[in-house]
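Structure first, then comments.
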Amino acid sequence: MNTVSHSTEPPLEHVDQWDDFIAGRYREGKSTSEFRNYDEKANPGVAEFYRLNHANQTLAFALQKEKEFGGLTRGKRSIWAAADYLNTLVDDSDPDTDLSQIEHLLQTAEAIRKDGHPRWFILAGFIHDLGKVLCLYGEPQWAVVGDTFPVGCAWSDQIIFSQYFAQNPDRNVPEYQTLYGIYEPNCGLDKVRLSWGHDEYIYRVTRDYLPEPAQYMLRYHSFYPAHRHGAYRHLMTSHDVKMFDWVNKFNPYDLYSKGAQKPKLKELKPFYEDLIAEFFPAEIDW
Ligand SMILES: [Fe+2]
Ligand SMILES: [Fe+2]
């Protein structure tokens, strides 16, 4: 594995700073001048986070992480226990205004529920970020969160802060620098390796138990270049494109469900325990 640089302090105060940055960036009705508030000068920590992500997420890195975590050898846990475990990720920021991990999951799921969507869709909302337990396994921020993108082929200029790919060692592998790289035209996203992070991990953990649209929502919810910017259609099948309607349907709930009221954990827990039991066995492999 090639690593470009290591600093002892992680660039983000908390991994959710990336989610907040994305939500601000895509906030509807934003003017061009506001958009400039999302450049590197205004967000040095976020920019440094993206620099590390883009410099270190190589094809070899994604393959190595898949080997390390994709086999699900980290033990058995229930979904609820995983949510409790994720909640131990301590937030450095203001506890009065920021949501805990479980609160973000519940707000996302509750917003989906209020709109009358099917139960599997609500469940996808509740579990979508559980892959962030990678942080608790000691993985650096840039290998857990961040917009995902295909590795092993040319980077789209629709990827945020794409200038930082200048520092990625795959830059020097000519085979990885063509439009299709190591892939066939329209080979389908399942054959395409994305940069490693919490999306791919939670997809791997839960894929045997969920309907296909939910699998797409989990696996590609951070694939902003594709679901927000329409990039990489040349690697997708028509089925992928159809399934991305679901990914797009999911995204606003992830970004904009933060309400004024914190969700009432105690009141909601029985509903979610029933919902989890409808789809999952008591414990699954992580
Ligand atoms: Fe996420
Ligand atoms: Fe999320």
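Take every Cα pair under 8 Å whose residues are at least 6 apart in sequence, average their separation, divide by the length of the chain, and the relative contact order is 26 percent. Per residue, segment 216-275 exposes an accessible area of 47 Å² to a 1.4 Å probe, with every protein chain left in place.
Taking the Cα centre of segment 183-286 as reference, the dipole from Cβ charges on Lys and Arg (+1) and Asp and Glu (-1) amounts to some 500 debye.
With everything on Cα atoms, drop me the angle between helix 265-279 and the longest principal axis of the chain, reported from 0 to 90° to the nearest 10. Tilt of helix 265-279: around 70 degrees.
The angle between the Cα long axis of helix 16-25 and the main principal axis of the chain comes to about 70°, on a 0 to 90 degree scale. Any chance you could give the angle, 0 to 90 degrees and rounded to 10, that helix 59-69 forms with the longest Cα principal axis of the chain? So the inclination is approximately 30 degrees.
Based on alpha-carbon atoms, the Kirkwood radius and the radius of gyration of the chain give Rg/Rh equal to 0.94. Extents of segment 205-286, largest first, come to 46, 34, 20 Å (Cα atoms, principal axes, whole angstrom). Each Lys and Arg contributes +1 and each Asp and Glu -1, all at the Cβ; summed about the Cα centre of segment 153-236, the dipole is approximately 100 debye. Simple point charges give the picture: +1 on the Cβ of Lys and Arg, -1 on the Cβ of Asp and Glu, and for the chain a dipole about the Cα centre of about 520 debye. When the helices of the chain are scored as -39500 (n - 2.57) per DSSP H run of n ≥ 4 and the total is divided over every residue, the value at 222 nm lands at -13000 deg cm²/dmol.
Ranking R25, R113, R77 from most to least accessible surface, computed with a 1.4 Å probe over the protein chains only, gives R113, R77, R25. Which shape class applies to segment 41-84: rounded if a/c is under 1.5, otherwise prolate when a/b exceeds b/c and oblate if not, where a ≥ b ≥ c are the square roots of the Cα gyration tensor eigenvalues? Oblate, because a/c is 1.5 or more while a/b does not exceed b/c. Between E68 and L265, the C-beta separation translates, for a Förster distance of 30 Å, into a calculated FRET efficiency of about 0.40.
Above 29 Å, the calculated P(r) of segment 139-286 contains 25 percent of its Cα-Cα pairs. Using a probe of 1.4 angstrom, how much of the accessible area of the chain is carbon and sulfur, in percent? In the chain, the share of accessible area belonging to carbon and sulfur is 49 percent.
The values are calculated or read from the model by the stated rules, or taken from the named source; none is laboratory data. Computed from a predicted model, the values in this text were never measured in an experiment. No Cβ is skipped: glycine too gets one built from the backbone with ideal geometry, and neighbour counts run over all protein chains shown. Accessible surface is based on the protein model in full, side chains and every heavy atom, while ligands, DNA and RNA are left aside. Shrake-Rupley method; radii C 1.70, N 1.55, O 1.52, S 1.80 Å.
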